[in-house]
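What follows is a short report on a single structure.
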Amino acid sequence: MSARIRVATLGCKVNQYETELVRQGLQRAGYEDCRENESADLCIVNTCTVTNEGDAKSRQVVRRMHRDNPDAKIVVMGCYATRAPNEVAKLPGVVEVIEDKRELPDLMSRFGVIDVPTGLDGFSGRHRAYVKVQDGCLLRCSYCIIPHVRPQLTSRPQDHILDEVRRLTESGHREVVLTGIHLGHYGVDWNRNQPRENWIRLAHLLRDMCEIPGDFRVRLSSIEATEVTKELISVLKEYGERIVPHLHLCLQSGSDSVLRRMRRRWGTKMFLDRCQLVRESLKKPAITTDIIVGFPGETEIEFNQTLETCHKAGFSKIHAFPFSARRGTPAAEMPNQIEKSVRSERVSVLTDVENHLRREYYDSLVGENLEVLIESSKALCSSSSPVRLPQMENRKQPTIGENQQTQPPQSSDQREEKDTSNHLIQSRETILRGTSCRYAPVEILVASKPGHSIDVGELAQVRITASDGEKLDAVVVEK
């Protein structure tokens, strides 16, 4: 019987990528994923330390792994393991703590992996595949602990990344998301002491990636506004059929005085200028962001400046976070910490602003043709002939309603939604749900016709017919 593994991941897309890399490496050595109710021989826990809560959740996961798999060896990796290795090593069942992600090939070798992977062959359980292109951050934002646990700037070789994207798209993934600890610094570690004409940057990687044949699209994860250069925007425009018109630009605050206390590298004018440049170059791009409210010393005037900046930027989505003092960062020791009730109230106000801006942006997309990654499907049952909605080959994909009980049959003049992943159904219409190229959720009602079905996990061309501010409604457009 093969050895069994169980993995758990907390935190960011980079962590999720690295867990999958270790998992696939161990599978090469004969390890198999645990089935439900089976005990594992080896558990891998990839931790997060971006907040104090991340530390606590990481400890909870390790303890739960030990309780559910009492005889398993537990290996802990990730940012919490790097920041507090001695603390992690004392947790029950832990046999090894990986303090540096560069040790992952050695870890896999110690567990019998001979052919250590340089990239992924697929991304289990996900329609979109994350591709890590770099690691490390050199900045020292006053609220962030990550540069202390991932300080080494390291870019992956371009040929490894391109080969990985080829394998992922060949295995059926129709969207790849480029991610990193500081995505916009891809290539910076190679460029030191090099003439500018020899520099390698994210734009060069993107251009080469877009030349890979196949039916797939590329999305960038979080990036700093200063790194959305004219060169990068030019590539986004040139390959608009391949790169989605969506940028997640980290604002953190819309007040210049707060940005200075945060030790950010730019002010609101530069940020807004860059948003304007993107809008002048791309058609109705989606611009999303992160904002921390209630940063130490934030006044009502400064908070209102943030609201004003959000309106000017016209974000389509805002991830609003109340400030959480992270031990070990300068911000945690700053005076004038904001009370929790005030932080919560400001998050609520900012959320109202986000709802308004999102509705305005979604309304602007009505009548547009967009590309949607189909992520789930449900059938509306009727008295027609039984059919089975197609599923992507070679990859088990979750669908909405996967754990729902089957309801009793209804009369022919009634319709009900039923899960389509495991059951034959009687169907004339199907609801497809997915994410558009502009990062908006889309719902599509399609008639079931022989030879005209759309697979979950595939890309579909649609026309937006309506918006309710939360999602877009659409109909399929023939390619």
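The values are calculated or read from the model by the stated rules, or taken from the named source; none is laboratory data. In this text the structure is predicted, and so the values were computed from the model without any measurement. Here the Cβ positions follow ideal geometry from the backbone for every residue, glycine too, while neighbour counts run over all protein chains shown.
Identify the single condition in (1) modelled with pLDDT under 95; (2) assigned to a loop (DSSP other than H, G, I, E, B) that Pro105 does not satisfy, given that it satisfies every other one.
With (1) modelled with pLDDT under 95; (2) assigned to a loop (DSSP other than H, G, I, E, B) applied to Pro105, the lone miss is (2).
Of the numbered conditions (1) surrounded by 15 or more Cβ atoms within 10 Å (Cβ to Cβ); (2) within 26 Å of the chain's Cα centre (by Cα), Gln60 satisfies every one except a single condition; which is it?
All conditions are met except number (1).
Given (1) touching a residue at least 60 places away in the same chain (Cβ under 8 Å); (2) within 30 Å of His185 (Cβ to Cβ), identify the lone condition not met by Ile114.
Tallying (1) touching a residue at least 60 places away in the same chain (Cβ under 8 Å); (2) within 30 Å of His185 (Cβ to Cβ), Ile114 fails exactly one: (2).
So Asn46 clears everything in (1) modelled with pLDDT of 95 or more; (2) under 26 Å from the mean Cα position of the chain (by Cα); (3) surrounded by fewer than 22 Cβ atoms within 10 Å (Cβ to Cβ) except one condition, right? Which one?
(3)
Among all residue pairs at least 6 apart or on different chains, which show Cβ distances below 6 Å where the first residue, located in the stretch 132-160, is in contact (Cβ under 8 Å) with a residue 24 or more places away in the chain and over 16 Å from Asn15 (Cβ atoms) and the second is in a helix (DSSP H, G or I) and of a type in the set (D, E, K, R)?
Leu153/Asp189; Ser155/Asp189
Of the conditions (1) among the hydrophobic types (A, V, I, L, M, F, W, C); (2) farther than 17 Å from Arg6 by Cα; (3) in contact with a strand residue (DSSP E or B) (Cβ under 6 Å, 6 or more places away or on another chain), Val76 clears all except one; give me its number.
Result: Val76 passes all but (2).
Condition check: at pLDDT 95 or above, charged (D, E, K, R) and within 22 Å of His173 (Cα to Cα). Does Asp208 satisfy that?
Judged against the criteria, Asp208 is a match.
Part of a loop (DSSP other than H, G, I, E, B), of a type outside the set (Lys, Arg) and buried (at least 19 other Cβ atoms within 10 Å of the Cβ): which single residue out of Tyr143, Tyr130, Tyr80 fits that description?
That would be Tyr143, the only listed residue that is part of a loop (DSSP other than H, G, I, E, B), of a type outside the set (Lys, Arg) and buried (at least 19 other Cβ atoms within 10 Å of the Cβ).
Taking Leu120 as the residue in question, decide whether it is crowded, with 20+ Cβ neighbours inside 10 Å, assigned to a loop (DSSP other than H, G, I, E, B) and at pLDDT 95 or above.
Spelling it out, Leu120 is indeed crowded, with 20+ Cβ neighbours inside 10 Å, assigned to a loop (DSSP other than H, G, I, E, B) and at pLDDT 95 or above.
Only one residue in Gly187, Gly122, Gly172 is assigned by TED's automatic domain parsing to the domain that holds Ser257 and in contact with a helix residue (DSSP H, G or I) (Cβ under 9 Å, 6 or more places away or on another chain). Which one?
One residue alone meets the criteria, Gly187.
Name the residues in the stretch 216-235 that are of a type in the set (A, V, I, L, M, F, W, C) and either touching a Phe, Trp or Tyr at 6+ places or on another chain (Cβ under 6 Å) or more than 22 Å from Arg358 (Cβ to Cβ) (or both), would you?
Across the stretch 216-235, the qualifying residues are Phe216, Val218, Ala225, Leu232, Ile233, Val235.
Any idea which of Glu298, Glu308 is acidic (Asp, Glu), crowded, with 19+ Cβ neighbours inside 10 Å and over 22 Å from the mean Cα position of the chain (by Cα)?
Glu298
Counting only residues that are more than 24 Å from Leu139 (Cα to Cα) and either hydroxyl-bearing (Ser, Thr, Tyr) or in contact (Cβ under 8 Å) with a residue 12 or more places away in the chain (or both), give me the helices (runs of 4 or more DSSP H) lying completely in the stretch 248-325 with at least 2 of them.
268-281, 300-313
Can you find even one residue in the stretch 24-40 that is touching a residue at least 40 places away in the same chain (Cβ under 8 Å), aliphatic (A, V, I, L, M), under 16 Å from Pro105 (Cα atoms) and in a loop (DSSP other than H, G, I, E, B)?
yes
Considering only the stretch 151-187, how many residues are within 16 Å of Gly78 (Cβ to Cβ) and either modelled with pLDDT of 95 or more or surrounded by 22 or more Cβ atoms within 10 Å (Cβ to Cβ) (or both)?
So the answer is 3.
When you go through Arg265, Arg260 one by one, which is the residue that is surrounded by fewer than 19 Cβ atoms within 10 Å (Cβ to Cβ), modelled with pLDDT of 95 or more and within 24 Å of Pro296 (Cα to Cα)?
Exactly one residue qualifies, and that residue is Arg260.
Only one of Ser376, Ser324, Ser281 is assigned by TED's automatic domain parsing to the domain that holds Arg264 and farther than 30 Å from Tyr80 by Cα; which?
Answer to the selection: Ser281.
Can you pull out the residues in the stretch 221-254 that are surrounded by 20 or more Cβ atoms within 10 Å (Cβ to Cβ) and among the aliphatic types (A, V, I, L, M)?
Once the filter is applied, which keeps residues that are surrounded by 20 or more Cβ atoms within 10 Å (Cβ to Cβ) and among the aliphatic types (A, V, I, L, M), the stretch 221-254 yields Ile223, Ala225, Val228, Leu232, Val235, Leu236, Ile243, Val244, Leu247, Leu249, Leu251.
I'd like to check something: does the stretch 51-60 contain any residue that is at pLDDT below 95, among the hydroxyl-bearing types (Ser, Thr, Tyr) and outside the structural domain of Arg219 (by TED's automatic domain parsing)?
Within the stretch 51-60, one or more residues are at pLDDT below 95, among the hydroxyl-bearing types (Ser, Thr, Tyr) and outside the structural domain of Arg219 (by TED's automatic domain parsing).
Checking Glu371 against (1) at pLDDT 75 or above; (2) at positive phi; (3) surrounded by 15 or more Cβ atoms within 10 Å (Cβ to Cβ): exactly one of these is not met. Which one?
Answer for Glu371: the failing condition is (2).
What's the number of the only condition in (1) loosely packed, with under 12 Cβ neighbours inside 10 Å; (2) at pLDDT below 95; (3) on the phi < 0 side of the Ramachandran plot; (4) outside any strand (DSSP E or B) that Pro386 fails to meet?
All conditions pass for Pro386, except number (4).
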